[in-house]
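Colleague: One structure, pasted below without further comment.
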Amino acid sequence: MRALRILLILVVILGVLFVIVDRVAVHFAEGEAADKLKSSQNLASTPDVDITGFPFLTQVAGGSLDDVQVGIKDYEATTGTAGKTIRIADLKADMKGVSFSGDYSSATAADASGTATIAYDQLLGAVKDEPVELPLGATGKVTGLAYGGNGKVRATVEVAGVPLPVLGTVTVKGDTVKVHADGLPKFGNRALDVSEVKIGALPGGIRLDKVQAAQDGVEITVKGSDVKLAG
């Protein structure tokens, strides 16, 4: 009986030691992964990396991690216009099935999905110098973008010095986010795009999937497969 108690105590001690070693190892790996991601994606700050699942060491032995969550506070994406970028805020991505090379120099996620936000001032900065083609041969420019309520964007289009309020629906096609006017005062109800922004390459090759107007900006959903985290 005494021998059994000793055995049980040893098992508990070994189990506790394994958990400690496992958590130390995952903490170290998260730091290394964050540094590599910052370097490979040319990020201004170190991203947050959270390797979930337990135990970590058995996943490493198998050469694949079940779930890795990545958070990037600010990401500067190109817009297709020379010298112009657009800031994508609070990018949070969930990476599934992350395989890595033997020396950990590269890592690829089988699937990824996530969310982020593009503030209205960022969208405005990308389009404010672009002319808007209006009905009846008129042209204008977008001077304001804000939330219009009920999932709509409120755009201010200036025509001949006169600001016109326009409610629009935000859509995405490929790598381009558009604000599609629901109706223009004094120009009838002919639908047109009052704002169009191309979003350049996103981290690891994830791509735009869905967009939705919200209070603080346009909320975007991203997804991808074979997403490279490093290497």
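Colleague: Under 14 Å from the Cα of LYS198, which aspartates and glutamates turn up, not counting those fewer than eight places away in the same chain?
Modeller: GLU76, GLU130, ASP175, ASP209
Colleague: Could you provide, to the nearest whole Å², the per residue accessible area of the stretch 68-141 with probe 1.4 Å? Display every interim value, and only then the final one.
Modeller: Working: 3660 Å² over 74 residues.
That works out to 50 Å² for each residue.
Colleague: Using the beta-carbon distance between ASP129 and ASP35 and R0 = 41 Å, what value does 1/(1 + (r/R0)^6) give for FRET efficiency, to the nearest 0.05? Before the final figure, lay out each step's value.
Modeller: Details: r = 37 Å, r/R0 = 0.91.
Calculated value: 0.65.
The values are calculated or read from the model by the stated rules, or taken from the named source; none is laboratory data. This is a predicted model, so every value here is computed, not measured. Cβ atoms come from the backbone with ideal geometry, glycine included; neighbour counts cover every protein chain shown. What goes into the accessible areas is simple: the full protein's heavy atoms, side chains included, and nothing from ligands, DNA or RNA. Shrake-Rupley method; radii C 1.70, N 1.55, O 1.52, S 1.80 Å.
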